[in-house]
Amino acid sequence: MTKLRIVVSGGGTGGHIYPAMALIQRLKERDLVDEVLYVGTEKGLESKIVNNAGIPFKTIEIRGFKRKLTLENVKVLQLFLSSVRRSKKIIKEFRPDVVIGTGGYVSSAVVYAAHRLHIPTVIHEQNTIAGVTNKFLGNFVDKIAIAFKEAQDQFSEKRKIVFTGNPRAQEVATIEVNDRLKDFDLQPDTPTVMIFGGSRGAAPINRTTIEALEKFSKEDYQVLFVTGRVHYDDVIKKIDSLSLNMDNISVRPYIDDMPEILPDISLIVGRSGATSIAEITALGIPAIFIPSPYVTHDHQTKNALSVAKNGAAIMIPEADLTGDSLYSEINKIMSSEETRNKMSAASKDIGVPDASDRLIKVLTGLVK
């Protein structure tokens, strides 16, 4: 098979960047890439992540439109048009076989420029609710790859849609149980629930977990409580004031290699971002989702409901979250191995452990 020259663009949040990085990694593993170029923004998170990975990286300047009609949007439109011109120059110099956008404002200019240059284009939508950029690009690209089947309702051109799952799933699917719980002063052979509010942590999840710790301390399962670095010191002060027996509880600010510990976890409690769901379902881990109510279009709630309706997870709206409700739902699952096994099987049923390979098939199918 001919190796690809590929331009990848996606930025703004890890949810757009990590699937792109997983795709690139899989292309390299299969020796299917001749050369790859990542186009992002200088100030975006992608700048640090992509450069640290040693992947060739070029930048354009672009901003998102305001949701209200303002004079600022005139400047944003001018910036978009200039970023399309810059993207065309980058693409002409690199001469890619195919261009893929994984979301974020930066991909709008790059993918649209590729379309204008008659180069095959693909977008990847990670969520149940499509972002503004992908909705715009859906009118121009050759293929629309989706990670949730519910997302197909977001695009008018159904013939372009291909269900691939999220490339991040394949990146973690082969990780096996590895006794990593020892690193957190926990027993590797004891059922363990991990409570995690994301890289920065989530104050409501932290607060209610602290409220439930006394009850958790009396159970025969373990709790790995990951607070987020920002909240850690404050959480520790509050826990110290409780004077609890913490033999079965470990509190950490963050876990740098989070995917490596996932196979050792019996139940995950946390937000319902697309990347987290891809990882969890690829490994078949039961979950309790507490969607962030602060994300655009409340897409985390839609993501969580998509998994919950299959019996792989339950959802607690943040408005209903208390120490008692959190403990009650966790305890129901952790007290029943049969329940966990059923949820695990349901999770694996909707997981897509070959997501990167599916997306690669879409890309190679467009290259004549």
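Listing for the model above:
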{"read-out": "Every residue from the stretch 167-177 that is assigned to a loop (DSSP other than H, G, I, E, B) and either over 14 Å from residue 261 (Cβ atoms) or open to solvent by less than 60 Å² (accessible area, probe 1.4 Å) (or both)", "value": "174, 175"}
{"read-out": "Number of positions in the stretch 251-276 that are of a type outside the set (D, E, K, R), touching a strand residue (DSSP E or B) at 6+ places or on another chain (Cβ under 9 Å) and closer than 18 Å to residue 178 by Cα", "value": "8"}
{"read-out": "Residue ID - most open to solvent (accessible area, probe 1.4 Å), chosen from residues in the stretch 14-58 that are in contact with a Pro (Cβ under 7 Å, 6 or more places away or on another chain) and part of a helix (DSSP H, G or I)", "value": "26"}
{"read-out": "Scan of the stretch 231-272 for residues that are crowded, with 19+ Cβ neighbours inside 10 Å and within 14 Å of the chain's Cα centre (by Cα), ordered by number", "value": "270, 271, 272"}
{"read-out": "Residue that is touching a Lys or Arg at 6+ places or on another chain (Cβ under 9 Å) and either surrounded by 18 or more Cβ atoms within 10 Å (Cβ to Cβ) or modelled with pLDDT of 95 or more (or both), where the choices are 364, 301, 275, 322", "value": "275"}
{"read-out": "Neighbours by Cβ (under 8 Å, 6+ apart or cross-chain): first from the stretch 319-333, in contact (Cβ under 8 Å) with a residue 24 or more places away in the chain; second among the hydroxyl-bearing types (Ser, Thr, Tyr) and surrounded by fewer than 19 Cβ atoms within 10 Å (Cβ to Cβ)", "value": "333/339"}
{"read-out": "Residue satisfying all of: in the stretch 182-212; open to solvent by 40 Å² or more (accessible area, probe 1.4 Å) and touching a Ser or Thr at 6+ places or on another chain (Cβ under 8 Å); farthest from residue 256 (Cα to Cα) among these", "value": "211"}
{"read-out": "Selected residue [open to solvent by 80 Å² or more (accessible area, probe 1.4 Å), modelled with pLDDT of 95 or more and farther than 23 Å from residue 360 by Cβ] from 93, 61", "value": "93"}
{"read-out": "Checklist (1) open to solvent by less than 50 Å² (accessible area, probe 1.4 Å); (2) in contact with a helix residue (DSSP H, G or I) (Cβ under 7 Å, 6 or more places away or on another chain); (3) closer than 24 Å to residue 320 by Cβ applied to residue 215, failing item", "value": "(1)"}
{"read-out": "Within the stretch 109-131, tally of residues that are under 22 Å from residue 4 (Cα atoms), touching a Phe, Trp or Tyr at 6+ places or on another chain (Cβ under 9 Å), open to solvent by 10 Å² or more (accessible area, probe 1.4 Å) and not charged (D, E, K, R)", "value": "2"}
{"read-out": "Residue in the stretch 254-264 that is of a type in the set (A, V, I, L, M, F, W, C), touching a Pro at 6+ places or on another chain (Cβ under 9 Å) and in contact (Cβ under 8 Å) with a residue 12 or more places away in the chain present", "value": "no"}
{"read-out": "Out of 285, 314, sole residue that is open to solvent by 10 Å² or more (accessible area, probe 1.4 Å), among the β-branched types (Val, Ile, Thr) and in contact with a strand residue (DSSP E or B) (Cβ under 8 Å, 6 or more places away or on another chain)", "value": "314"}
{"read-out": "The stretch 10-34: number of residues that are under 22 Å from residue 113 (Cα atoms) and without any contact (Cβ under 8 Å) to a residue 40 or more places away in the chain", "value": "4"}
{"read-out": "Residues being open to solvent by 50 Å² or more (accessible area, probe 1.4 Å) and within 20 Å of the chain's Cα centre (by Cα) - total across the stretch 325-357", "value": "5"}
{"read-out": "Matching residues, the stretch 146-166, being free of Cβ contacts under 8 Å to residues at least 60 places away in the same chain, in a loop (DSSP other than H, G, I, E, B) and either on the phi > 0 side of the Ramachandran plot or open to solvent by 60 Å² or more (accessible area, probe 1.4 Å) (or both)", "value": "156"}
{"read-out": "Subset tally (residues that are assigned to a loop (DSSP other than H, G, I, E, B), touching a Lys or Arg at 6+ places or on another chain (Cβ under 9 Å) and of a type in the set (Gly, Ala, Ser)) for the stretch 109-145", "value": "1"}
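Yes/no matrix, rows are residues, columns are (1) among the charged types (D, E, K, R); (2) in contact (Cβ under 8 Å) with a residue 60 or more places away in the chain; (3) out of contact with any His (no Cβ under 9 Å at 6 or more places or on another chain):
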| site | (1), (2), (3) |
| --- | --- |
| 224 | no, no, yes |
| 229 | yes, no, yes |
| 239 | no, no, yes |
| 243 | no, no, yes |
| 252 | yes, yes, yes |
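The values are calculated or read from the model by the stated rules, or taken from the named source; none is laboratory data. This one's a predicted model, so the numbers in the text were calculated from it and none came from an experiment. All Cβ positions, even for glycine, are placed from backbone atoms using ideal geometry, and neighbour counts span all protein chains on display. For accessibility, only protein heavy atoms count, side chains too; no ligands or nucleic acids. Shrake-Rupley method; radii C 1.70, N 1.55, O 1.52, S 1.80 Å.
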